[in-house]
Structures are given as C-alpha cells and as structure tokens.
Amino acid sequence: MKIKIFDNYFGHKNVNLINKIKDNLHLIKFNFIKEDFFEKFKPLVYEKSNSVIEAKNYACQHFQISDICGGQLKEINNVNSSLCNIYNLNKGKVLFPPFIKVYKHRGQHYSGEYGANVIYLNTSYDIFPTLAHEIAHYNHEKTSSNYIKMGKKSEIIDAGSNDFSILNKFMDNKNALKTIKKELCGYACSSPAEFVACTFEAIMCRKQLSPEILKIYKEYEGPNAEILKQYFK
C-alpha cells in the first residue's frame, strides 16, 4: 500500500529515547506498571555504523532484517536509527519485514510502499514517518486475519476477494470519518488499513490523538493497541 507524500505530514523529533520513555512514565496507568513491563524491556541505544556491511549487520542482529538494499551508508544509518526509534516506542513488541529497499525518485507522488514482505522507501522524502507507516501495514497484515478485507476496494479485488463488508462499514461511519480526517488526514479515511497505518505513523511521530481514535484503531485490529494507548490523550 502506497503512502502519498502530501498526506505524510505528522513530523517527528529525534530525541534521547531512554529519557523520552522515562519522561512518559507518568502517562501509564498503574495496572500497566504492575506488569513490570519496564523492568523486562531494555531500550536500544542507537549508534551509527561505520560501513554499509556493519549497518546491514546491525539491522539483521537487532531487527531480523535480512537486507537493506539500494542505499548508501548515510541512508541505511537513517533507516536503522528510525527502526530503533520504532522498536523502543513499541517496547520491542513490533515486527520488521525481512527486506527494505531504499531508492530516490523526486518526481514520485508517494514516499513509500509495502507489499510481499518488502518495504520500499523513497529517500527523497523523510524516512521516519514513511517507515513507520509501512511497518504498520506489515504488522497489521501479520496480526490480523482480516487485513485483506481492510484495504481499498481495488486492493481487495486484486487480492482475489469480493468481501467489502469491513470496508463498507468503515466508509459508512460518517462521524468516525469526520474525526479521522480532523485528527489525522484525508488519506486515513480511504480504508481501514490506511487508517490504522496513519494512526500508527502519527503515534510514532508523537502526535497526540483522542481516545476516539484509539477506539477505532482497536476496532480495526491496529497492532500494539495496548502498548500504544499510553500515547493518547
């Protein structure tokens, strides 16, 4: 699924992730702390690699990514830094695809795409939000048996299905779509799958969202909802 560049505007800040997690402890409910989650999870502290081989080995060791291909060292380091950020924000409970392909195409109207276990990143644009968006698609596909039914109509048909029940339910809920468009973007209203990916992207970019968005995210089986709920208002 492609993510258009003009809809990818949540933005992000590079911060010390360990301090960020500590700073957000007060947002987490007591019953969440009871699980001793932070005692079990150890955030990754990212360090730049000095060669392409070293950078690829880092991705393989920490994220089980077989290959990041097509990019120079700076680009692969940026990818690894973003992966580390996403890993920490999800407390390690996130899946990464086996392959990431980076390329440059300034005239292209979308900055990323996911399909067949590969994420494609157009490095002419900001890597982090695009990577977060496409990782959401990957995790959504791997954790929801209804993922195929949550795509756009053309995507459902291309997947060999004619079950539009989930898509129709999503599109018929005008109040929810109004909230989604206001808090996220118009593209998030195009299908449940794009809504989930845009929501995940927004959370990774530290955008504050309402409980209503979280409710819809859970309804459409968005990945890591219980972990990410701490980032909602």
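FYI, it's all coordinate maths here, none of it is from the lab. No experiment lies behind these values; they were computed from the predicted model shown. Methodologically, a virtual Cβ is constructed for each residue, glycine included, from the backbone with ideal geometry; neighbour enumeration extends over all protein chains shown.
The table below gives the values:
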read-out: Order of 205, 69 - criterion: other Cβ atoms within 10 Å of each residue's Cβ, fewest first; value: 69, 205
read-out: Peptide ranges 153-164, 212-223, 173-184 listed from the most packed, as the mean C-beta count within 10 angstrom indicates; value: 212-223, 173-184, 153-164
read-out: Residue exposure sequence - 81, 165 - by fewest surrounding Cβ within 10 Å; value: 165, 81
read-out: Sorted by Cβ density within 10 Å, fewest first, the residues 118, 102, 45; value: 45, 118, 102
read-out: Spatial separation of Cα centroids for segment 74-137 and segment 153-182, in angstrom; value: 25 Å
read-out: For segment 35-147: rounded, prolate or oblate by the Cα gyration tensor [a/c cutoff 1.5]; value: oblate
read-out: Subset of 152/182; 104/178; 91/142 violating a 29 Å alpha-carbon distance limit; value: 104/178
